[in-house]
Amino acid sequence: ESMQSSVWVRVAQAGDAGSTVPVASSRTTKMVAQVLVYSGTDPGAPVAAVVSVGETGKSSAHQTPLVSTATDSWVVSLWSNKSSSTTGWSAPTGVPTRLYLGTSGSGRVTTLAADSGGPVGSPTYGGLTAVASQTGSMAAMWSIALTQG
C-alpha cells in the first residue's frame with residue numbers, strides 16, 4: 001500500500017482556458033487532481049518555495065509543513081489522505097478553503113486545498129492542522145509560497 005503526492009506549476013498562457021490536461025499512469029491507480037489558479041504572481045518565477053511532508057501513522061489530524069516566505073507572499077496549503085471512509089475535511093479556523101475532492105470506494109483518496117487569503121506578513125507560514133472526517137493510513141501535506149508579481 002502506498003501513496004504518492006506531486007505538485008506541478010505552470011504559468012497560464014493565452015488559450016489555456018478550457019484545455020484538457022492528460023495524465024497517464026503505468027498501472028491502475030486512484031487519483032485526485034486539483035487545478036488551482038492564482039493571478040498576480042511573478043510570471044517568471046510564480047513559486048518562491050515549496051515544502052511537503054508525508055505521514056504513515058494513523059491519524060485524522062494533519063499539519064502542513066513550515067515554508068519560508070516573503071511578507072507579501074500568499075501561501076497555498078494542501079492536505080491529502082488515504083482512507084476508505086473519509087468523506088470530508090475541516091480546514092483550520094480562518095483559513096479560506098478553495099477546493100475539496102475525493103475518490104470513492106476502498107483506498108479512497110481525498111484532498112483539501114486552502115490558502116492564506118492574502119499576504120502572510122511573516123517570514124514563515126504553515127503548521128496548519130486540517131482534520132479529515134476519518135482516520136487515514138497515509139497522508140501528504142504541502143505548503144507553497146507564491147511570489148507576487
Margin query: Filter segment 26-47 down to the residues that are open to solvent by 70 Å² or more (accessible area, probe 1.4 Å) and hydroxyl-bearing (S, T, Y) and list them by number.
Written below: S26, T28, T29, S39
Notebook entry, point to check: Out of (1) among the β-branched types (V, I, T); (2) open to solvent by less than 40 Å² (accessible area, probe 1.4 Å); (3) within 20 Å of V7 (Cα to Cα), the odd one out for V50 is which?
Noted result: (2)
Notebook entry, point to check: Which pairs have Cβ atoms under 7 Å, sit 6 or more apart or on different chains, and link a residue in segment 70-81 that is among the charged types (D, E, K, R) to one that is surrounded by fewer than 24 Cβ atoms within 10 Å (Cβ to Cβ)?
Noted result: D72/P119; D72/Q148
Next item on the list: Of all residues in segment 34-62, count the ones that are touching a residue at least 12 places away in the same chain (Cβ under 8 Å), assigned to a loop (DSSP other than H, G, I, E, B) and within 30 Å of V131 (Cβ to Cβ).
Entry: 8
Check: Which residues, taken from segment 74-133, are assigned to a strand (DSSP E or B), hydroxyl-bearing (S, T, Y) and surrounded by fewer than 18 Cβ atoms within 10 Å (Cβ to Cβ)?
Finding: S90, T97, Y100, T124, T129, S133
Next item on the list: Check whether at least one residue in segment 61-79 is at pLDDT below 90 and either under 22 Å from T110 (Cβ atoms) or under 13 Å from the mean Cα position of the chain (by Cα) (or both), and report yes or no.
Entry: no
Next item on the list: Would you tally the residues in segment 101-121 being under 11 Å from the mean Cα position of the chain (by Cα) and of a type in the set (S, T, N, Q)?
Entry: 2
Next item on the list: Select from segment 1-33 the residues that are under 21 Å from S73 (Cα atoms) and in contact (Cβ under 8 Å) with a residue 24 or more places away in the chain and list them in ascending order.
Entry: V7, V9, V11, A12
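The values are calculated or read from the model by the stated rules, or taken from the named source; none is laboratory data. No experiment lies behind these values; they were computed from the predicted model shown. Glycine gets a Cβ as well: all are built from the backbone with ideal geometry, and neighbour counts include every protein chain shown. Note: areas computed on protein heavy atoms with side chains; ligands, DNA, RNA excluded. Shrake-Rupley method; radii C 1.70, N 1.55, O 1.52, S 1.80 Å.
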